[in-house]
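Here's the structure, in structure tokens; my notes come after.
Only the coordinates and a few stated rules stand behind these numbers; no lab work does. Note that the structure is predicted; figures quoted are calculated from it, not measured. Don't worry about glycine lacking a Cβ; one is built from the backbone with ideal geometry, like all the others, and counts go over all protein chains shown.
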């Protein structure tokens, strides 16, 4: 069997998770009658320190629902460079909500000072008004970096003072919490709305959550319906999420250690451009030097050798650790990748 490092979304439900799903009490969630969904929503709201939460089938839909709830067509949304909202949602922000994005900062983060320069005022004769600021934590394309919490607080304080809403795309917020030794509630506190995924590091087969004020979440229910995300007996997914929170959260530290192991091995290959000290969570993004093969070639050769990774650019490759790959598998994968790059 191949060692699959393409994403932490490739995990399969454990036997214990399958048992929890099979025995979950269910009802029609559109009528608010699925008890397991209600339990999960209450728990997520409590853990994130928000008044209410809502289950959605995917993180991309969660992000799109937030745009519909907090912006109007023609608005400007400020995000970090290479954010998921811009790069990995198939242009949905423009198609669904009619917003434009302004990317700022570098390496997945930005400062309050950079935000202040980028904000476009309401009522300007030319500019679209900035109505939402979005932070991605951890940041996918820059290697799972953790956005410094001090900067988060400064960004959200500035946005609030300027009447701008704030959203945390925390698909991998659990990883950020473990890496920074903070609670998810602490990381979520500065934001108006927070999104988290259950289907990434936690290993559930599906499901993401939004949390925020009761009024905003009530509006999100309608937008979820409009985007096709209102479902029926989704307690089977909610049960998987509850099981993941109980059994897969603490072990995220193992994934982080495995990612650092891979990074340390690759960093000594002269053709690889990678600072392993930047690898703090479960994502390793590395660049290929001039004497290395390109990313497509590395991906193809790795696949032939039983290791699955993805190209993130012409000369950029990503590997992601998760609960379905052991330490030994990561050691093997690192050797395969290092060997095929070094001998190219």
Compute the Kirkwood hydrodynamic radius of segment 251-342, taking the inverse of the mean of 1/r over all pairs of distinct Cα atoms, and give it in Å to one decimal.
12.8
Largest to smallest principal axis extent of the C-alpha atoms in segment 173-254, angstrom
39, 30, 16
Can you give me the Kirkwood hydrodynamic radius for segment 217-259, using every pair of distinct Cα atoms, in Å to one decimal?
12.9
Considering only DSSP beta bridges whose two residues both sit in segment 15-247, what percent are antiparallel, to the nearest 5?
40
Using a/c under 1.5 as the rounded threshold, could you call segment 74-113 rounded, prolate or oblate? The axes a ≥ b ≥ c are square roots of the C-alpha gyration tensor eigenvalues, and prolate needs a/b larger than b/c, oblate otherwise.
oblate
Counting all C-alpha pairs of segment 15-247, share separated by more than 25 Å (%)
37
From the square roots a ≥ b ≥ c of the eigenvalues of the alpha-carbon gyration tensor of segment 135-174, which class results: rounded (a/c under 1.5), prolate (a/b over b/c), or oblate?
prolate
Can you sort 291, 303, 120, 200 so the residue with the fewest Cβ neighbours within 10 Å comes first?
291, 303, 120, 200
Considering the zone a paramagnetic label at residue 332 would reach in this model (a point 7 Å from Cα along the Cα-to-Cβ line), which residues of segment 1-22 have amide N under 16 Å from it?
1-6
With the cut-off at 1.5 for a/c, could you classify segment 75-178 from its C-alpha gyration tensor as rounded, prolate or oblate?
oblate
Over its Cα atoms, what ratio of radius of gyration to 2.2 N^0.38 Å does segment 17-123 give?
1.38
Could you please rank 255, 324, placing first whichever residue has the fewest other Cβ atoms within 10 Å of its Cβ?
324, 255
Where the centre of each part is set by its Cα atoms, how far does segment 293-344 sit from segment 117-159, in angstrom?
33
In percent, what relative contact order does segment 270-311 have, based on Cα pairs under 8 Å that are 6 or more apart in sequence?
32
With the contact rule set at Cα under 8 Å and sequence spacing of 6 or more, what percent relative contact order holds for segment 194-344?
21
Can you tell me which of 135, 145, 104 moves the most in a GNM of the chain? Springs connect C-alpha atoms under 10 Å apart.
104
A correct fewest-to-most ranking of 1, 226, 231 by other Cβ atoms within 10 Å would be 1, 226, 231
Restricting to DSSP H runs of at least four residues, report the calculated mean residue ellipticity at 222 nm for the chain, -39500 (n - 2.57) per run over all residues, nearest 500 deg cm²/dmol.
-12000 deg cm²/dmol
Please give the Cα centre distance for segment 1-41 versus segment 192-233, rounded to the nearest Å.
14
Relative contact order in percent for the chain (Cα pairs under 8 Å, 6+ apart) equals 24
